[in-house]
1. Tell me which residues, restricted to segment 86-107, are closer than 25 Å to Arg152 by Cα, under 22 Å from the mean Cα position of the chain (by Cα) and open to solvent by 100 Å² or more (accessible area, probe 1.4 Å).
2. Tell me, which helices (runs of 4 or more DSSP H) wholly within segment 138-200 include 2 or more residues that are more than 15 Å from Ala9 (Cα to Cα) and open to solvent by less than 60 Å² (accessible area, probe 1.4 Å)?
3. Could you look through segment 12-31, keep only residues that are free of Cβ contacts under 8 Å to residues at least 24 places away in the same chain and open to solvent by less than 70 Å² (accessible area, probe 1.4 Å), and pick out the one that is farthest from Thr158 (Cα to Cα)?
4. Take the conditions open to solvent by 50 Å² or more (accessible area, probe 1.4 Å) and more than 19 Å from the chain's Cα centre (by Cα) and apply them to Glu118. Does it pass?
5. Say whether the condition of being at pLDDT below 95, not charged (D, E, K, R) and not in a loop (DSSP other than H, G, I, E, B) is met by at least one residue in segment 41-58.
6. Could you count how many residues in segment 91-139 are among the β-branched types (Val, Ile, Thr), out of contact with any Leu (no Cβ under 9 Å at 6 or more places or on another chain) and in contact (Cβ under 8 Å) with a residue 12 or more places away in the chain?
7. Could you grab me the full set of residues in segment 97-131 that are in a helix (DSSP H, G or I), within 15 Å of Val144 (Cβ to Cβ) and acidic (Asp, Glu)?
8. Please go through segment 137-172 and give me each residue that is over 14 Å from Arg77 (Cα atoms) and not basic (Lys, Arg), ordered by number.
Amino acid sequence: VVSQAVLVAVGFTSQGRREVLDWRVGDSESEATWGELFRQLKDRGLSGLRLLTSDAHQGIVAAMRRHFQGVAWQRCRVHFKRELGRKVSYKVLKELMADLVVVFEPEERSECLQRGEELAQKWEKRYPAVAKMLREGLEDCLAVLDFPADHRRRLQSTNMLENLMRRLKKRSRVVGVFPNRSSCDRLIGAQLIEVHEMWA
């Protein structure tokens, strides 16, 4: 039995309509696997891409920088908060999460960065890893501020994609072990086509 990754790309049109662009069953979430998916999207005519939202997985970020030069990258805020939360004791987790709400509240990049620096200074003595991550990663979470306010809620995190992946896992768990990659691809594909049609 070999564990496999399922890669899914979802896009928003300029009118705000969601579309399943492509999916792939692969060995891992490597730069090569994501790169192949991105290359095929471009070959099929994908153009005008302005923003890519994902977690900070090195494979997808490297592939994006190689295949979509000049496209802004939005680091998923939910993943960023979760990663920060893992760096502190559960006793102070609520305090940190409340502080992060204040950081992301403004609609101005400079104000967010200033609040982020203040937060880094506050936590630096107790949790230096939190301060380091805030200084290195906060700006990546603010790319969405360059887009219209009514687009930001959907683009600032991968929550919609996470919900879609939960739906796929629920179906794949019923099967358990697939006899081959094609059978997994067929089941995942049928689910994604259904979702795509529902969105349309």
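The values are calculated or read from the model by the stated rules, or taken from the named source; none is laboratory data. As the structure is a computational prediction, the values presented were derived from the model and not from experiment. Note: ideal-geometry Cβ built from the backbone for every residue, glycine included; neighbour counts use all protein chains shown. The accessibility values were calculated without ligands, DNA or RNA, using every heavy atom of the protein model including side chains. Shrake-Rupley method; radii C 1.70, N 1.55, O 1.52, S 1.80 Å.
1. Residues satisfying the conditions are Glu105, Glu107.
2. Numbers: elements: 149-155, 159-175, 181-199.
Qualifying helices (runs of 4 or more DSSP H): 181-199.
3. Across segment 12-31, the extreme among qualifying residues is Gly26.
4. Details: open to solvent by 50 Å² or more (accessible area, probe 1.4 Å): yes; more than 19 Å from the chain's Cα centre (by Cα): yes.
Judged against the criteria, Glu118 is a match.
5. Taking every residue of segment 41-58 in turn, at least one turns out to be at pLDDT below 95, not charged (D, E, K, R) and not in a loop (DSSP other than H, G, I, E, B).
6. Keep residues of segment 91-139 that are among the β-branched types (Val, Ile, Thr), which gives 92, 101-103, 130.
Pick out the ones that are also out of contact with any Leu (no Cβ under 9 Å at 6 or more places or on another chain) and you get 92, 101.
Add one more test, that the residue is in contact (Cβ under 8 Å) with a residue 12 or more places away in the chain, and what stays is 92.
So the count comes out to 1.
7. Glu111
8. If we filter segment 137-172 for residues that are over 14 Å from Arg77 (Cα atoms), which is where we start, we get 146-151, 163-172.
Residues satisfying the conditions are Asp146, Phe147, Pro148, Ala149, Asp150, His151, Asn163, Leu164, Met165, Leu168, Ser172.
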